1. Could you tell me whether any residue of the range 267-276 is aliphatic (A, V, I, L, M), under 17 Å from ALA174 (Cβ atoms) and either modelled with pLDDT under 95 or within 25 Å of the chain's Cα centre (by Cα) (or both)?
2. Answer yes if at least one residue in the range 42-61 is outside the structural domain of ILE118 (by TED's automatic domain parsing), closer than 27 Å to MET130 by Cβ and either hydroxyl-bearing (Ser, Thr, Tyr) or modelled with pLDDT of 90 or more (or both), and no otherwise.
3. Test GLY199 against the criterion of being on the phi > 0 side of the Ramachandran plot and in contact (Cβ under 8 Å) with a residue 40 or more places away in the chain, and give yes or no.
4. In the range 32-44, which residues are farther than 25 Å from VAL78 by Cα and of a type in the set (D, E, K, R)?
5. Looking at the range 148-262, what helices (runs of 4 or more DSSP H) fall wholly within it and have at least 2 residues that are within 12 Å of the ligand (Cβ to nearest atom)?
6. Residue under question is GLY142, and the condition is that it be of a type in the set (Gly, Ala, Ser) and more than 9 Å from the ligand (Cβ to nearest atom); does it hold?
7. How many residues does the range 92-111 contain that are out of contact with any Asp or Glu (no Cβ under 9 Å at 6 or more places or on another chain) and either of a type outside the set (A, V, I, L, M) or open to solvent by 10 Å² or more (accessible area, probe 1.4 Å) (or both)?
8. Answer yes or no as to whether LEU121 is assigned by TED's automatic domain parsing to the domain that holds ALA81, more than 9 Å from the ligand (Cβ to nearest atom), within 14 Å of the chain's Cα centre (by Cα) and under 30 Å from LEU23 (Cα atoms).
Amino acid sequence: MTAGILAANPMRLLSPRELAEALGVSESSLKRWVDAGKIQASRTDGGHRKILLSEAVRFIRETGAPIARPELLDLPEVAVAQQRGLGGTVRLLDHLLEGDVVGARGWLMSRYLAGASIAELCDGPIKDAMYRLGELWRHDEGGIFVEHRGTDVCLQALAQLRALHDPPEEAPTALGGAPDGDPYLLPSFMAATVTAAAGMRAVNLGPDTPLVAFDAAVQHHAPRLVWVSISSPLSPARVRGLIDWIEALPGSVLPIVGGQQSSPFAGAHAHASFRHVHSMAEVEAIAREVLDAAAPAPLMGRGA
Ligand code: B12
């Protein structure tokens, strides 16, 4: 297998020298940044500093540090995207039209490393490219495979971004999917990726999920946030069934519904915390709200 096909492992540990080479800076500068707390590092038994790849990515995003040799961070596809330039003429749509996974991964990862959030990438370029794909073919017989393939390319590129986030076991869980009869893969995967990036444990039930399966998953995972993604039209009876199900969720859950065909849920009184939302930016903001509410209150000083 080549490095271009493997996703980067966020748990990989880098030495200061490896990260310095990747960033094109001296090892001593890198060690200074570590010692000043700008980059978090652990120490091996022998006292050597080690930096998680996910921490290196955080540092690059927050400081705008250029990457001289992305392949040293297991991100060779970023080098190709950098050569083309972030403002270049190659569009994400072009990679989707060609079924070019490595190109799409590099396109998205280089923008993520330059500071764009995953929610911004979902609501902007990925959504735009998929809509354009839909306009080009409108599901004519010759084009359906291009739409399936484009969806899969997006999923693979997003999976790489999702893999960079591994919230702790004790983090609150976000869980969701699309109801049965709804085959759309991307919106629910996006919600999982965005909630994971915000710091929640994300459980994606994916498309075509019967209500009994939603129910069993909620019992099993006791989530704090539940998303339902609706991209296929639902009959009024099924809307009612979903609203009833949401209404019966425990008070500790914040349920959200969104998606292209979710308008019947606008203004629905389904649950005290229920919200009808429209974008991954809103999902991200709600996940942060849930995390803030779940965070332990700061200890009050004795006698305060
Ligand atoms: C790929 C695709 C398919 C694939 C799906 C592959 C898969 N497994 O995922 C296949 C080929 C199966 C398919 C089938 C059909 N499709 Co289709 N499909 C598309 C296409 C091109 C892309 C869909 C997509 O992934 N979009 C990208 C996502 C990310 O965009 P989004 O859903 O809007 O999500 C964003 C927001 O809405 C929001 N959001 C979405 N969900 C949620 C959830 C929550 C909780 C929140 C907060 C936010 C949120 O955030 C996202 C990011 O911003 C669209 C074009 C389009 N406009 O989307 C057509 C499109 C949706 N399909 C269409 C049609 C007509 C069909 C079929 C009826 C065709 C047929 N005759 O069989 C079937 C219906 C299937 C069904 N049972 O519903 C039409 C719908 C027209 C309409 N408005 O009614 C479209 C618009 C194409 C077109 N231009 O005509 N489709």
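The values are calculated or read from the model by the stated rules, or taken from the named source; none is laboratory data. This structure is a prediction, so every number in the text was calculated from the model and none was measured. Because the Cβ atoms are built from the backbone with ideal geometry, glycine has one as well, and the counts that use them run over all protein chains shown. Quick note on the areas: whole protein, heavy atoms, side chains included, nothing else; ligands and nucleic acids left out. Shrake-Rupley method; radii C 1.70, N 1.55, O 1.52, S 1.80 Å.
1. Within the range 267-276, none of the residues are aliphatic (A, V, I, L, M), under 17 Å from ALA174 (Cβ atoms) and either modelled with pLDDT under 95 or within 25 Å of the chain's Cα centre (by Cα) (or both).
2. Checked against the condition, which is being outside the structural domain of ILE118 (by TED's automatic domain parsing), closer than 27 Å to MET130 by Cβ and either hydroxyl-bearing (Ser, Thr, Tyr) or modelled with pLDDT of 90 or more (or both), the range 42-61 yields at least one hit.
3. yes
4. ARG32, ASP35, ARG43 - these are the residues of the range 32-44 that are farther than 25 Å from VAL78 by Cα and of a type in the set (D, E, K, R).
5. Once the helices (runs of 4 or more DSSP H) in the range 148-262 are filtered for at least 2 residues that are within 12 Å of the ligand (Cβ to nearest atom), what remains is 186-198.
6. yes
7. Of the residues in that region, 3 qualify.
8. Details: assigned by TED's automatic domain parsing to the domain that holds ALA81: yes; more than 9 Å from the ligand (Cβ to nearest atom): yes; within 14 Å of the chain's Cα centre (by Cα): yes; under 30 Å from LEU23 (Cα atoms): yes.
Answer is yes for this residue.
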